[in-house]
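The values are calculated or read from the model by the stated rules, or taken from the named source; none is laboratory data. Since we're looking at a predicted model, the values are computed, not measured. With ideal geometry, Cβ positions are generated from the backbone for all residues, glycine too; neighbour counts draw on all protein chains shown. Note: accessible area is taken over every heavy atom of the protein model, side chains too, but ligands, DNA and RNA are not part of it. Shrake-Rupley method; radii C 1.70, N 1.55, O 1.52, S 1.80 Å.
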Amino acid sequence: MRLAVMGTGYVGLVAGACFADSGHDVTCVDTDPRKVEALRRGEIPIYEEGLADIVVRCAREGRLTFTTEAGPAIRDAKVVFCAVGTPPGRNGEADLSAVFAVARTVAEWAGGPKILVLKSTVPVGTNSKVTSLLRELGALTVEVVSNPEFLKEGAAINDFRRPDRVVVGVRTEAAADVMRELYDPFVRTGAPILVMDPPSAELTKYASNAMLATRISFMNAIATICEQVGADVDLVRKGVGADKRIGATFLFPGVGYGGSCFPKDVQALAATARELGQPFSLLDEVERVNERQKKLLVTKLETAFAPLGGLKGRTIALWGLAFKPNTDDMREAPALQIIDGLVALGARVKAHDPVAAERAGEMMGRHLQSGALEFARTMYDAVDRADALAIATDWSEYRRPDFDRLKGLLVRPWVFDGRNMWEPAVVAALGFHYASVGRPDARPSATA
Ligand SMILES: NC(=O)c1ccc[n+]([C@@H]2O[C@H](COP(=O)([O-])OP(=O)(O)OC[C@H]3O[C@@H](n4cnc5c(N)ncnc54)[C@H](O)[C@@H]3O)[C@@H](O)[C@H]2O)c1
């Protein structure tokens, strides 16, 4: 089948590549000429494991092309996917301007029956609005399908190829059949293709992300109580997660959720609820807890350094910049707030991330220019002569470092772990002062 994918970001590029890999002819369209040029040269603008191989191979075999020319791509396609960004507007609502721009271009070039698939995360009712716009513009035979994307950055290829479920919101059985044909190769192990009405499909995406964000904030709030009463959130987490009704996943406390989805989707669902006159105040609290959690490491560092005269003039090593491991996405990454907070208190930050430093640098130019932030080539360069180490992202290479080397490089063997990567008793025995999230601080044991 001939497909066009509008928007070549995390979702559009992964979807386009995976559809091309399953045999379809895909044209990926983006308004950013630099991105398109880079993709034509085989350069992948984002870090996502396995993506480059698929893109390069499918492009070489002629099934995947890149262009800024939307018109011909739309005209020739049977199905047009819309995977453009839907960032938060001024009041948290989703900014749909790029989605409507795509709809206008589709109306201009459709020329006959077509399916426009909304893969971008859009508020309930958007399918109807886009359909009305198409009709107003004379595109009478374009059916709008809602097909929210659930892939996780860092595991996007695997998630797209082996989804837990595919959700499609359709108005006609014919559109449902086309969607089944597209997704059948990815659900061979029995994952369901859930066909439903468009509003239900649109809401399913927001409900899923809001539920996941709620679990994270819930556990972060529990972790705060743990710290106050001397309980260990790891034990609480295991005890809670063993309940089959709850399950063990997504119960890890940390420095707060980030990324391009949870923060904006929680805000957008709250905005939808407000517009409907039914405020969803639970979501406001989820966000509030998350904002507080993003400040946690800075507060812990500030408290620890207070007896030594504060953080002014100190160098803090920071391991991890991306909002989660295996991605270079820095959107809403807690590390950004951690760096801002430390610099505001007069500290210098030496940061390391296996892949996200370049993107972080684009967002933190002012700190780089002032010399308050520097990127280290290796995780050990970052800690060399630093007064303490803070951990913001649980990259696997941080799980088992050379602790002796780490201790030798740090001015003080102080670690502030925002991801609970290490066992407190173990690192205390190795001579570290170790603060983590929701667990009692561990001090170097006498034998260390
Ligand atoms: N990133 C994720 O993990 C993820 C997961 C699930 C769903 N989503 C949703 O998918 C959508 C896309 O997210 P993303 O992270 O891929 O966004 P992104 O910002 O990485 O990419 C969007 C791309 O669309 C391009 N674009 C903008 N207007 C365009 C137009 N009119 N025509 C063609 N291209 C245009 C931009 O240049 C950009 O390259 C969002 O709604 C997001 O909420 C994202």
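Values computed for the structure shown
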{"item": "Sequence-distant lysines (8 or more away, or on other chains) whose Cα lies within less than 24 Å of K78", "result": "K114, K119, K129"}
{"item": "Rg/Rh ratio calculated on Cα atoms of the stretch 21-64 (Kirkwood radius)", "result": "0.94"}
{"item": "Within a Gaussian network of the chain (alpha carbon springs, distance under 10 Å), most fluctuating of I74, I316, I193", "result": "I193"}
{"item": "Ranked order, I216, I246 - accessible area, probe 1.4 Å, largest first", "result": "I246, I216"}
{"item": "Per residue convex hull volume, Cα atoms of the stretch 189-289, in Å³", "result": "141"}
{"item": "Proximal aspartates and glutamates relative to K264, as straight alpha-carbon distance under 17 Å, when same-chain residues fewer than 8 apart are discounted", "result": "E93, D95, E149, E153, E202, E275, D284, E285, E287, E291, D329, E332"}
{"item": "Kirkwood Rh, angstrom, the chain [1 / mean 1/r, Cα pairs]", "result": "23.5"}
{"item": "Surface accessible to a 1.4 Å probe, H367 within the full protein complex, Å²", "result": "20"}
{"item": "Positive-end residue, the stretch 1-79 charge dipole about Cα centroid, Cβ charges, pick of L13, G62, L39", "result": "G62"}
{"item": "Order of exposure, largest accessible area first, which applies to K114, K407 with probe 1.4 Å", "result": "K407, K114"}
{"item": "Solvent-accessible area per residue, Å², over the stretch 114-215 with all protein chains present [probe radius 1.4 Å]", "result": "41"}
{"item": "Estimated dipole of the chain in Debye, rounded to 20 [Cβ of Lys and Arg +1, of Asp and Glu -1, Cα centre]", "result": "500"}
{"item": "Net dipole in debye of the stretch 117-196 [+1 Lys, Arg Cβ; -1 Asp, Glu Cβ; about Cα centre; nearest 20]", "result": "120"}
{"item": "Residue with peak Gaussian network fluctuation, the chain [Cα springs, cutoff 10 Å], from G154, G190, G256", "result": "G190"}
{"item": "Signed unit charges on C-beta, dipole axis of the chain, positive-most listed residue A428, S128, L276", "result": "A428"}
{"item": "Farthest toward positive dipole pole in the stretch 181-319 [+1 Lys/Arg, -1 Asp/Glu at C-beta], among F262, G230, T315", "result": "T315"}
{"item": "Viscosity 1.002 mPa s, temperature 20 °C, Stokes-Einstein D of the stretch 6-89 from Kirkwood C-alpha radius, µm²/s", "result": "168"}
{"item": "Exposure of T65 as accessible area (Å², to 10), given a probe of 1.4 Å and all protein chains", "result": "70"}
{"item": "Relative contact order %, the stretch 318-448, counting alpha carbon pairs below 8 Å whose residues are six or more apart", "result": "21"}
{"item": "Within the accessible area of the chain (1.4 Å probe), percent carbon and sulfur", "result": "53"}
{"item": "Diffusion coefficient, µm² s⁻¹, Stokes-Einstein with Kirkwood Rh over alpha-carbon pairs of the stretch 292-384 at 37 °C and 0.692 mPa s", "result": "249"}
{"item": "Residues of the stretch 293-344: accessible area per residue with a 1.4 Å probe, Å²", "result": "35"}
{"item": "Solvent-accessible area of C261 with every protein chain in place, 1.4 Å probe, in Å² to the nearest 10", "result": "50"}
{"item": "Percent of C-alpha pairs per 5 Å bin, the stretch 123-259, short to long", "result": "2, 9, 14, 15, 15, 13, 11, 8, 6, 4, 2, 1, 0, 0"}
